Amino acid sequence: MTGVRSTCPYCGVGCGVIATPDGKGSVQIKGDPDHPANRGRLCVKGAALGETLSTGGRLLSPTIRGQEATWNSALDEVAARFSQTIAAHGPDSVALYVSGQLLTEDYYVANKLMKGFIGSANIDTNSRLCMASSVAGHRRAFGSDTVPGQYEDLELADLVVLVGSNLAWCHPVLHQRLMAAKAARPALKIVVIDPRRTATCEGADLHLALAPGADAHLFNLLLCHLADQGQMSADFLAHVSGLEATLAAARSATAAETGLAAADLAAFLALWAGTERVVTVYSQGVNQSDSGTDKVNAILNCHLATGRIGRSGMGPFSVTGQPNAMGGREVGGLANMLACHLDLENPIHRDAVQSFWSSPTMADKPGLKAVDMFRAVEDGRIKALWILHTNPAVTMPDADRVARAIAGCDFVVVSDIWPTTDTARLAHVLLPTAGWGEKDGTVTNSERMISRQRAFAAPPGQARADWWQLAQVAQRMGFAGFDWDGPSALFDEYAALSGVAGGLGSDFDISVLVGADYATLAPTMWPQARKRGGRFFGDGRFHTPDGRARMVPVTARLPEVTPAAQPFRLNTGRVRDQWHTMTRTGTVPRLSQHLGEPYLEVHPTDAARLGLAPASLAEVSNDLGRSVLRVMISDRVQPGHPFAPMHWTGETAPTGRIDALVPGRTDPVSGQPASKSAAVAIRPFAARWYGFALSRKDLRPTCDYWAKGPVAGGVQLELAGQEEPEDWAAWGATLFGLPAPSAMVSDPAQGLHRMAFVEQGRLIAALFISRTPVLLSRAHLASALGGTDTAVLAGRPAADRPDPGPTVCACLNVGLNTILRAMSSDGLMTVDAIGAAIGAGTNCGSCRPELAALVARHSHREAAE
Ligand SMILES: Nc1nc2c(c(=O)[nH]1)N[C@H]1C(S)=C(S)[C@@H](COP(=O)(O)OP(=O)(O)OC[C@H]3O[C@@H](n4cnc5c(=O)[nH]c(N)nc54)[C@H](O)[C@@H]3O)O[C@H]1N2
Ligand SMILES: Nc1nc2c(c(=O)[nH]1)N[C@H]1C(S)=C(S)[C@@H](COP(=O)(O)OP(=O)(O)OC[C@H]3O[C@@H](n4cnc5c(=O)[nH]c(N)nc54)[C@H](O)[C@@H]3O)O[C@H]1N2
Ligand code: SF4
Ligand SMILES: [Mo]
């Protein structure tokens, strides 16, 4: 088979890929050199897509209450239960919770069904946890949710400011484009604004480690500085209202609140004010806050005051997280939007959409936003819930409470590719869904580029696409207008509706694509209908009633002081090689080698005060829940502000579910939760023993702490317990479900026990127990699993095979020790020299910021010596 052009299903950069199945079950994945987002590049997650396609363990048939069922009976059951619930309790008693990872076609059907036929707007999406503050900020300022710029603006700018964005790890290919532009033109300055020193800071000219939550203060100070220095644009301000009130509100911000050194602050203000071509990129450090919308507007205010918007090389740029976060916004997936950027609360818009859909009814008020939706599930106002392509039992704030609410709901449908996610386990009806590579549709990336996802494999078992499931249920509920024969017809209908919207003044009008050849549709950036280039607002025309942009007065607030009993403020976010709840990336051994366990990054002074040793375990808790996390001591975080990743689940590390600690506190305008600032208490977890295990078979331990990851041919587990079993050999045998160990060494006085399980000459399991965190070459041990070299109880490689250490470069599997050895023995002092000598960083480039940090630390040490 020749290569199939598609789009990566992870982040909002929206890279094009070429997938080439080899006919024997493997698929080669390459970056598409012709795709404008990535021009052939891929990050490590995209490059590893071929390794996520194994269908072992997939959900293959519908189930009703755990019993296999036919599609017919499952769809009838869903339709009947939704219809009965609506008949008895009204349309607002049912809800859909969907995802920015759905394809536009899926999203369109869900939105049409809920708002136009069920007649309730109780459809919300995980984008509420992600983009809602940006959406609300855009609508306040521009009158529409429109992202003005495009990626090349980052390359054309003279200053790129990254606010609350770890671009190097979360939008790696866009970051690589930025780094390449800087390498070609070093005058391009980069500033990172993040309380944490992230990998993104490695390539930056200036890192402002501001006080957490102080972003609006900083941009209010900037606005005052622009006014005071006469740097505002009188011409552009003719197209803007609200300057005076906004400036008055901004005056209350003080430099002290930003926590920044005076010189750094002054340097930033001067740089921003003095640079015409400035792009301010922002992401979850801004959005995920209980004043996130105000923070967005504080940024937009500065761009409006200077007219630095909608022209090449400048503008505010909210980067989207999920592959179709932008498509979901266009299609109206949020509870307070209609479709095609039309307004749910505008009767003319509602009538136009209703007549286009020939629908019997139309939601006329916003539905419940995610946090409120799950509260309504909890208290029984919502009695039937359908969750598609998201895992809220893990990723919603107050996740234990959300999981209990779902478990207590009368009727829950989950569409997923796996039967075992934390959310899928709570479903009454489970619908097997076609995954990436098995289905067709479109997605829109951060720069409004609409790209095709294309199928290159048949779905396993009876799995079917999300849109098909929704359309089938709609038809079975008796609704007309859901009988498309495929995504192409669906897209046509959607494009035609956007033409209606365009007629009403909406900027989202892609009606030129009606009748386009869907099969060959090339990446297309809207607004191509305007034929005036790809940017918005440079002409000073906005979608507000008076056509002028609005500056919004922002009274900057810091997060509430943490209570004495929970003095730490927990920051949360992402790691380089995992995607959210790891249901796909978490199956790939090489993606689990970079950061393979839930951890707490904590400042050395906090660690010393709390008595936390490196690699020990910490118990993190508050009134909502409790987590146990591996301690990583690092001055990358500020004292009092530890960081933990969001990725681990009940399947992979039950005590690592970080959203169990995050309160459901939301921004009053956008309803977006403040996922970056949970007040927590921290103390050492009193482990009596620590363990490391390898097993060919998957298993689920019962000890106090465990975290699981994939290795070639099996799993590896980190373990710990607060009580020691009497007989370790028996404990090990029970853990693996095997007879007694084949070899064992024990030193009970030291609390040291090691055992290997061998079957037919091959190592099938091994367990290493110690009183202190287990120090072993895990990479070496994992490579022995399944092999005939069963003499592993020494725990480290023989002298002639040096330990590579923790993985830095996941593509070429190069460990930290290998890199450090090469740096010192061969005198390698640049990232490129390391690449030329040992390959690290030469494939996808995702690890280059970490290599740069190693080089910097090394040369710093040499200089000090
Ligand atoms: N590897 C990987 N990439 C991803 C994803 C993934 O799961 N894994 N998910 C995708 C999705 S859906 C999204 S939304 C994006 C998110 O992309 P990002 O927003 O870049 O990622 P996060 O790690 O959530 O948070 C960004 C940064 O905000 C900082 N921060 C916390 N509090 C504050 C604050 O008060 N002010 C400022 N200025 N910064 C603060 C954090 O320290 C963190 O470094 O990533 C996308 N890309
Ligand atoms: N503490 C904290 N919490 C956060 C965040 C944070 O920064 N900190 N970030 C928030 C943000 S920005 C986001 S976007 C969310 C993301 O959170 P989620 O969307 O809940 O996380 P995912 O793991 O992406 O869930 C996707 C689900 O869809 C399934 N799936 C895969 N392919 C398909 C398919 O084709 N069809 C269907 N129907 N299902 C499929 C997967 O197996 C998985 O169960 O998390 C939010 N939660
Ligand atoms: S940057 Fe990486 S994860 Fe994001 S779309 Fe590109 S390849 Fe996929
Ligand atoms: Mo997101």
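Numbers for the structure displayed
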{"read-out": "Any hit, region 741-760, residues being without any contact (Cβ under 8 Å) to a residue 24 or more places away in the chain, out of contact with any helix residue (DSSP H, G or I) (no Cβ under 8 Å at 6 or more places or on another chain) and crowded, with 17+ Cβ neighbours inside 10 Å", "value": "yes"}
{"read-out": "Count - residues of region 636-673 that are in contact with a strand residue (DSSP E or B) (Cβ under 7 Å, 6 or more places away or on another chain) and of a type in the set (Gly, Ala, Ser)", "value": "6"}
{"read-out": "Some residue of region 84-94 being within 16 Å of ligand 1 (Cβ to nearest atom) and in contact with a Gly (Cβ under 7 Å, 6 or more places away or on another chain)", "value": "no"}
{"read-out": "Breaking point among (1) assigned to a loop (DSSP other than H, G, I, E, B); (2) open to solvent by 30 Å² or more (accessible area, probe 1.4 Å), for His225", "value": "(1)"}
{"read-out": "Criterion violated by Thr788 - all others in (1) within 27 Å of Ala183 (Cα to Cα); (2) at pLDDT 85 or above; (3) open to solvent by 80 Å² or more (accessible area, probe 1.4 Å) satisfied", "value": "(1)"}
{"read-out": "Scan of region 580-610 for residues that are open to solvent by less than 30 Å² (accessible area, probe 1.4 Å), at pLDDT 95 or above and of a type in the set (A, V, I, L, M, F, W, C), ordered by number", "value": "Met582, Leu600, Val602, Ala607"}
{"read-out": "Boolean, Arg778 is among the basic types (Lys, Arg) and touching a residue at least 60 places away in the same chain (Cβ under 8 Å)", "value": "yes"}
{"read-out": "Flag if Ala95 is within 30 Å of Arg574 (Cα to Cα), more than 13 Å from ligand 2 (Cβ to nearest atom), at pLDDT 95 or above and not acidic (Asp, Glu)", "value": "yes"}
{"read-out": "Residues within region 44-69 that are within 25 Å of Ala840 (Cβ to Cβ) and more than 16 Å from ligand 4 (Cβ to nearest atom), tallied", "value": "8"}
{"read-out": "Test: Ala613 is hydrophobic (A, V, I, L, M, F, W, C), open to solvent by less than 10 Å² (accessible area, probe 1.4 Å) and over 28 Å from Ala840 (Cα atoms)", "value": "no"}
{"read-out": "Enumeration of residues in region 143-167 that are more than 16 Å from ligand 2 (Cβ to nearest atom), part of a helix (DSSP H, G or I) and buried (at least 24 other Cβ atoms within 10 Å of the Cβ)", "value": "Asp153, Leu154"}
{"read-out": "Residue list for region 642-657, restricted to those being closer than 24 Å to Val286 by Cα and either free of Cβ contacts under 8 Å to residues at least 60 places away in the same chain or open to solvent by less than 10 Å² (accessible area, probe 1.4 Å) (or both)", "value": "Pro642, Phe643, Ala644, Pro645, His647, Trp648"}
{"read-out": "From Ala250, Ala261, residue being open to solvent by less than 20 Å² (accessible area, probe 1.4 Å) and more than 24 Å from the chain's Cα centre (by Cα)", "value": "Ala250"}
{"read-out": "Residue count, region 385-424 (criterion: more than 16 Å from Met373 (Cα to Cα), open to solvent by 10 Å² or more (accessible area, probe 1.4 Å) and not aliphatic (A, V, I, L, M))", "value": "6"}
{"read-out": "Meets criteria (more than 26 Å from Cys844 (Cβ to Cβ) and hydrophobic (A, V, I, L, M, F, W, C)) for Ala132", "value": "yes"}
{"read-out": "Matching residues in region 178-200 - criterion: being open to solvent by less than 30 Å² (accessible area, probe 1.4 Å), in contact (Cβ under 8 Å) with a residue 60 or more places away in the chain, assigned to a helix (DSSP H, G or I) and not small (Gly, Ala, Ser)", "value": "Thr200"}
{"read-out": "Only one of Arg541, Arg574, Arg630 that is open to solvent by 40 Å² or more (accessible area, probe 1.4 Å) and more than 16 Å from ligand 4 (Cβ to nearest atom)", "value": "Arg541"}
{"read-out": "Residue within region 481-491 that is under 18 Å from Glu68 (Cβ atoms), of a type in the set (A, V, I, L, M) and open to solvent by less than 10 Å² (accessible area, probe 1.4 Å) present", "value": "no"}
{"read-out": "Test: residue in region 56-74 that is within 22 Å of the chain's Cα centre (by Cα), away from ligand 2 (no atom under 15 Å from the Cβ) and not aliphatic (A, V, I, L, M)", "value": "no"}
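Listed here are the residues, each with its yes/no results for (1) aromatic (Phe, Trp, Tyr); (2) within 16 Å of ligand 4 (Cβ to nearest atom); (3) within 30 Å of Ala644 (Cα to Cα).
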residue	(1), (2), (3)
Leu218	no, no, yes
Cys224	no, no, no
Phe236	yes, no, no
Val240	no, no, no
Glu244	no, no, no
Ala253	no, no, yes
Ala261	no, no, yes
Ala273	no, no, no
Glu276	no, no, no
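The values are calculated or read from the model by the stated rules, or taken from the named source; none is laboratory data. Keep in mind that this is a model prediction, so the values were computed, not measured. When we count neighbours, we look across all protein chains shown, and the Cβ atoms used for this are built from the backbone with ideal geometry, even at glycine. Areas reflect the complete protein model, heavy atoms only, side chains present, ligands, DNA and RNA absent. Shrake-Rupley method; radii C 1.70, N 1.55, O 1.52, S 1.80 Å.
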